[in-house]
Every structure is written in C-alpha cells, then in structure tokens.
1. Would you point out which residue out of L19, L93, L7, L88 is within 17 Å of M123 (Cβ to Cβ) and not aromatic (F, W, Y)?
2. Just wondering, is there one or more residues in the stretch 360-372 that are under 26 Å from R148 (Cα atoms), of a type outside the set (G, A, S) and either in contact with a His (Cβ under 6 Å, 6 or more places away or on another chain) or in contact (Cβ under 8 Å) with a residue 40 or more places away in the chain (or both)?
3. Go through the stretch 177-204 and give me each residue that's charged (D, E, K, R) and under 17 Å from the mean Cα position of the chain (by Cα).
4. Could you list, in sequence order, all residues of the stretch 66-96 that are charged (D, E, K, R) and either assigned to a helix (DSSP H, G or I) or surrounded by 24 or more Cβ atoms within 10 Å (Cβ to Cβ) (or both)?
5. Would you be able to tell me the number of residues in the stretch 138-164 that are more than 16 Å from the chain's Cα centre (by Cα) and within 14 Å of the ligand (Cβ to nearest atom)?
6. Return a yes/no flag: does the stretch 84-95 have any residue that is over 25 Å from T165 (Cβ atoms) and either touching a residue at least 12 places away in the same chain (Cβ under 8 Å) or in the same structural domain as Y340 (by TED's automatic domain parsing) (or both).
7. Exactly one of these conditions fails for V99: (1) part of a loop (DSSP other than H, G, I, E, B); (2) surrounded by fewer than 19 Cβ atoms within 10 Å (Cβ to Cβ). Give me its number.
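The values are calculated or read from the model by the stated rules, or taken from the named source; none is laboratory data. Bear in mind the structure is a predicted one, so any value in this text is a computation, not a measurement. No Cβ is skipped: glycine too gets one built from the backbone with ideal geometry, and neighbour counts run over all protein chains shown.
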Amino acid sequence: MRRMENLKKVAFYTLGCKLNFSETSTIARSFKDEGFLRVDFNEAADIYVINTCSVTDNADKRFKTIVKHAQKANENAFVIAVGCYAQLKPEELAAVDGVDLVLGATEKFKITNYLNDLSKNEMGEVHSCEITEADFYVGSYSFGDRTRAFLKVQDGCDYKCTYCTIPLARGISRSDELENVLENARKISQDGIKEIVLTGVNIGDYGKGEFGNKKHEHTFLDLVKALDEVEGIERLRISSIEPNLLKNETIDFVAKSKAFVPHFHIPLQSGSNDILKAMRRRYMRELYVDRVQKIREVMPDACIGADVIVGFPGESNEHFLETYNFLNELDISYLHVFTYSERDNTSAAEMTDVVPLKIRKKRSKMLRGLSAKKRRAFYESQLGKTKNVLFEGENKEGYIHGFTENYVKVKTPWDPALVNTLQKIELQKIGEDGLVRFSYVEEQITA
Ligand code: SF4
C-alpha cells in the first residue's frame, strides 16, 4: 500500500454554477480512483484543475488570478483548465502563462487519460471539440456541505436566448436516465445528506435526447414523482425551472409531495414583452403571472424567486419601469439581478441600441433594492408560523444558519449538535441582519 505522503496531490477550483460544482466532484472522484490525494487549492499540489465559467464577469482576469494563485503554491505544478470557458475560448486559456492543458466538453471527464506526462508545457496543449460532439451524458453530484447535495439530472440547452453562450459551451439538451438519477439519490441519502438540489442547465427539459441508442421515456414530472419515493431523502429542491416548462401537474404534485419543498426559482429576465421577444424567451409576462398565481393557489407559503437581467440592448426607461412595476406587484419573494454584459458569438452582442453601462448599473441597484424589500415582506408574512429548519455545517462567527423548507434563512448561536438536523421551530422576528430568529416547537425531530 502507498503511504499518504507518496500520493500525487490534486487540487480543484470551481467557478460558476451548481452544475460546475457537481461536475468538479465527479472529476475529483476520477482522480481519487487513480490514487490521487485531494488537497485544498491553497496547498502545494502536483496538479491544479480549474473548472471555468463563461458567465462570470471578467472571466479571463479571474482565470489568470487563479492560475497565479496555483503557481504561488507550487510553481512546478501541472495546471489544467476545463469547463465552459475552456470550451468556448481554448486557445485564449492555453496562452495564459502557467497553463499546461485545456480540455473541451468531450474531454473533461476523461481527464485522467491525459496525465502520463506531467512535465510543464511551454504553451498550453488544447484538446478541444466541436460542441456538437458533446452529445453524451455524464452524471454528477456534489456535496455542498454536510447537509446538502447538488444532483445533476440534465445538461445542455436547445433554446436560443439571444444573450446566452451556454448552448455553445455545453451543447444540446440531454438528460440522465431515470434509474441513474435514482441510484445517485440513494447514494447521497446513504451518506446521511438530508437535502438534494436538482441541477442542470434547463431541468424542466428533462427527458430530452437519447440515452445510448434508446429514446428517453420519462418527463420532468416522472422524475419528480420517482425521486419523491427515494427512502431517506428528507428534502428535494427544484433549483431553477423555465416558466414555460413548469406545468400545473408538477406544481400540484409538489404541493402534496413528501420531500419536495415549496420553493421555486423561475427565471423571468424581463417584465416587458418587447424585451422578452428580443431575448427570444419562450413566454410572455402573462404566462409568468399565471405560474405565480398557480403556485400561490396551492402553496400560499411558497418561496418564489426570479432571475432578471437589466440593461439588455434596446431596454428603454419605459421598458425598465414596466419590469420594475411588474415585479413590484408580483407576489414573489426575492430577485437575482444580473447586469447585462455582451458575450462573444451571441446575437444580442450584435444588437445596436446598447444601454450605457452607468444606466445598467443604476437599474441593477434599483432592482436589488426591490429584492431586499420583497424578501423582507416575505419573511414578515412567515412570522408566527411553524416550519422545519435544516441546520448547516458551518460556524459563521459564532452562529449557525439554516433554511426552512420555504427558504426562510434563520440563525442561532453555534451549536455543533444542531448540524444536519431538522428542527421544528416557530419563526419569531427578523433580526437587524435580516435573518429570522425563532423558538423551538419540538427538540431534535431527526438526528
Ligand atoms: S434557457 Fe436560454 S438562458 Fe437558459 S441556458 Fe438555455 S439559452 Fe441560455
């Protein structure tokens, strides 16, 4: 048996979304299978793997900083870039000082095949592909902390939103086989994890594509129903789902399900139908209102979040006010606000009528203010109610945090015995930090 100190060391850095995090975990497991020891990114490692994102602002600058960071820890280490940015701009990443290898979308899961020679390259070597070749599916899941796991169920996207590079970086929409998803969910539950967050690029599209040579036979609703039956999973969360794919049947099922929690994150992007059309989204604002009303009808306490982009080309003051007023009146709980920024190879980047940066920032600030107001109103509406909270694993300056099933964030003084337990509580008041304080209704309902 090899002694620990003789093992080759590998470290990972992940940029971007939950999907990237789940894929880093899968890549890390393949290193483990090859006998590598995983260490923290700040430590000296033999190999550093950076899983990149193309949505991150200043993606190139951030990437260079991370490479430098790795080199500081070990200047002779072998540095590998994978992920969306590596697929979109492989040559650019390969030219960054210190990078040895860049792997595209088809190669990232075969990373350990590229490790025969770890001597530093003068110039990064690229093993890239046409994104149309990335038509196969690799399942993944990752652990956020000791309480929550991100389970990938779908990859890629067939939509053509005019601002988005994700289809170019991740390819066509394709999904994991139902039995594989269930198997991964069982493994997660056996590890004692209480909450699973479903992840993907466009998860409502689950069931698209083929698996091997077989056509998929399942829909997103089939997936939701089957996951709800997995033993030992206390909570399931649908992370983000396009409004046009969130069907009444799914909402009705979640309302009476055992494990799915009443929390929906539904990208809106704009409250103006003109802008939605220019973005080539697949719905109008009326459909969004209808989705929110349907959820409220069957789950009055549900938490509903929305993504919004401000400063899209052609967004006039009137369009923006339309969005602001629309959101102000809509019964939702928080916003994730994105300031539009041009991405290469998208049709929006070619559009004229560009919104000046200063105005984009101002609009973004206004919507962030609205989001804070919405969140507070939602928390206030929940005071006096009894909920279950799942406590997380981190000691944050002497406090422990947790979320109720409907995503109200609570805090209480740190107590390690609370980590990864579900507690029945009554929500009492909102603290100065905006988080909710509570009293226990029952102690320790799940150990
Ligand atoms: S739905 Fe639109 S924004 Fe979302 S990944 Fe697909 S193309 Fe991009």
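1. Details: L19 fails: within 17 Å of M123 (Cβ to Cβ); L7 fails: within 17 Å of M123 (Cβ to Cβ); L88 fails: within 17 Å of M123 (Cβ to Cβ).
Of the residues listed, the single one that is within 17 Å of M123 (Cβ to Cβ) and not aromatic (F, W, Y) is L93.
2. Keep residues of the stretch 360-372 that are under 26 Å from R148 (Cα atoms), which gives 371-372.
When the remaining residues are screened for being of a type outside the set (G, A, S), the result is none.
Checking the stretch 360-372: not a single residue is under 26 Å from R148 (Cα atoms), of a type outside the set (G, A, S) and either in contact with a His (Cβ under 6 Å, 6 or more places away or on another chain) or in contact (Cβ under 8 Å) with a residue 40 or more places away in the chain (or both).
3. Here is the first cut: in the stretch 177-204, the residues charged (D, E, K, R) are 177, 179, 183, 186-187, 191, 194-195.
Residue satisfying the conditions is E195 alone.
4. Looking only at the stretch 66-96, we keep the residues that are charged (D, E, K, R), and these are 68, 72, 75, 89, 91-92.
Answer for the stretch 66-96, where residues must be charged (D, E, K, R) and either assigned to a helix (DSSP H, G or I) or surrounded by 24 or more Cβ atoms within 10 Å (Cβ to Cβ) (or both): K68, K72, E91, E92.
5. Within the stretch 138-164, the first condition is being more than 16 Å from the chain's Cα centre (by Cα), and the residues that meet it are 138, 146-147, 158-163.
From the residues that got through so far, the ones that are within 14 Å of the ligand (Cβ to nearest atom) too are 158-163.
The qualifying residues number 6.
6. Of all residues in the stretch 84-95, those over 25 Å from T165 (Cβ atoms) come to none.
Looking through the stretch 84-95, none of the residues is over 25 Å from T165 (Cβ atoms) and either touching a residue at least 12 places away in the same chain (Cβ under 8 Å) or in the same structural domain as Y340 (by TED's automatic domain parsing) (or both).
7. The one condition V99 does not meet is (2).
Conditions (1) touching a strand residue (DSSP E or B) at 6+ places or on another chain (Cβ under 8 Å); (2) under 18 Å from V197 (Cβ atoms); (3) surrounded by 16 or more Cβ atoms within 10 Å (Cβ to Cβ), marked per residue:
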position: E242; (1), (2), (3): yes, yes, yes
position: L245; (1), (2), (3): no, yes, yes
position: N248; (1), (2), (3): no, no, no
position: V261; (1), (2), (3): yes, yes, yes
position: D274; (1), (2), (3): no, no, no
position: A278; (1), (2), (3): no, no, yes
position: R281; (1), (2), (3): yes, no, yes
